[in-house]
Amino acid sequence: MSGDVDVVVVGAGQAGLSAGYSLARSPLSYVILDHAPRPGGAWQHRWPTLTLGRAHRVHDLPGMPLGAPDPSRPASEVVAEYFGRYEREFGLDVRRPVDVTSVEDLPDGRLLARTSAGDWTARALVNATGTWERPFWPYYPGRETFRGRQLHTAGYTGPAEFAGKRVVVVGGGASAVQALMEIADVAAATTWVTRRPPVWAEGEFTPERGRAAVAKVAERVRLGLPPGSVVGSTGLLLTPEVRAARESGVLARRPMFRRVVPDGVTWADGSHVRADAILWATGFRASLDHLAPLGLRGPGGGIVMDDTAVAADPRVHLLGYGPSASTIGANRAGRAAVKRIERLLLSGVSDGKVPGAAPAARG
């Protein structure tokens, strides 16, 4: 499996499929390389007790709405089925499972994507790998001494494994809240710990709120700063279920502990909570290690962006980085990236890095 195309898309989650939809309607040749063995993007890895009705809204992909599936079904199943139908409906050229190990410059100005299933050359790259492959584990003193179980939400499979346990949940995002409310129903005790006080959002999550959150993160990446969280910028929505959990004390937040000890965690004031398990709901980082040969990162670790394009290399577009790192911005980002690439590759305007047209894909 190898070939020469105009555009290589890495990743077939919401952003990658959105880009594929636009590419399939353009004169550019393309291929989508996906790490996962089946459709579904990061959604396929969500724990089975996270139902569609309790998950963040799944935004419709361009050209085909999700419809009104049963909200009691696992979100992982519903979204995987939807993405699979989408790929088939629009005949998107998705190859899987394929691991992209590195992307490098070629002497002729093209890009070389080295993969587990052969090499691809391209005139432009849409990187839509998201964050799921890079769970973030913050270090706190004594973490290595803990005698209980530690896991990240990337490995969380549901509350049953915590029945009768004392559980500390670390993190202030939606995943922490969702997992904590489930675990509290079966655990002997739960403790919720966050670095900053949670921000609760009244009312519905409107498109205006979503756009405002995206704009905050977009400004950070435009300046070359490491992106913040889009979801973090929206606040935690006060659904009836969340309100009940707050009133019952399940969502009684404590500040971050000072250290982990063998039987739990301790705070600076000497207080101590015993624990059998610590769930680190501490988020993810962008999966960009395969792009290291291109030298895109600045001194502070961020990448200066011009909308979806890397400012220093307009051949490379990052979706799932910064403002498109959630379903709020993924569709718009996929469409915008393809429009920019069309102008770059078809207008003859370049920065000296864009070579001539590629032949049709061959696999």
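The values are calculated or read from the model by the stated rules, or taken from the named source; none is laboratory data. A quick note: this is a predicted structure, and the numbers were derived from the prediction, not measured. Counting neighbours? That spans all protein chains shown, and the Cβs are built from the backbone with ideal geometry, glycine included.
The set of residues in the stretch 58-89 being in contact with a Gly (Cβ under 7 Å, 6 or more places away or on another chain) and surrounded by fewer than 18 Cβ atoms within 10 Å (Cβ to Cβ) consists of Pro71, Ser72. Summed over the stretch 149-166, residues that are modelled with pLDDT of 95 or more, over 20 Å from Val250 (Cβ atoms) and surrounded by 15 or more Cβ atoms within 10 Å (Cβ to Cβ) total 2. Contact map, the stretch 29-41: first residue charged (D, E, K, R), second residue modelled with pLDDT under 90 and surrounded by fewer than 22 Cβ atoms within 10 Å (Cβ to Cβ), Cβ cut-off under 8 Å, separation 6 or more or different chains; pairs are Arg38/Gln44. Checking each residue in the stretch 235-294 for being farther than 23 Å from Gly164 by Cβ, among the hydrophobic types (A, V, I, L, M, F, W, C) and not in a helix (DSSP H, G or I) picks out Leu236, Leu237, Leu238, Met256, Trp267, Ala268, Phe284, Ala286, Leu288. For the stretch 139-159, a residue qualifies if it is closer than 12 Å to Asp263 by Cα and part of a loop (DSSP other than H, G, I, E, B), and the qualifying residues are Gly142, Phe146, Arg147, Gly148. With respect to (1) of a type in the set (Val, Ile, Thr); (2) in contact (Cβ under 8 Å) with a residue 40 or more places away in the chain; (3) surrounded by fewer than 21 Cβ atoms within 10 Å (Cβ to Cβ), the lone exception for Val186 is condition (2). Here Ala277 qualifies as among the small types (Gly, Ala, Ser) and touching a strand residue (DSSP E or B) at 6+ places or on another chain (Cβ under 8 Å). Would you check if there is a residue in the stretch 83-97 being in contact (Cβ under 8 Å) with a residue 12 or more places away in the chain and within 15 Å of the chain's Cα centre (by Cα)? So far as the stretch 83-97 goes, no, none of its residues is in contact (Cβ under 8 Å) with a residue 12 or more places away in the chain and within 15 Å of the chain's Cα centre (by Cα).
Check the stretch 260-267 and report whether any residue there is touching a Gly at 6+ places or on another chain (Cβ under 7 Å) and either in the same structural domain as Val8 (by TED's automatic domain parsing) or at pLDDT 90 or above (or both). Yes, some residue in the stretch 260-267 is touching a Gly at 6+ places or on another chain (Cβ under 7 Å) and either in the same structural domain as Val8 (by TED's automatic domain parsing) or at pLDDT 90 or above (or both).
Scanning the stretch 308-363 for residues that are among the charged types (D, E, K, R) and modelled with pLDDT of 75 or more, we see that the one that is surrounded by the fewest Cβ atoms within 10 Å (Cβ to Cβ) is Arg343.
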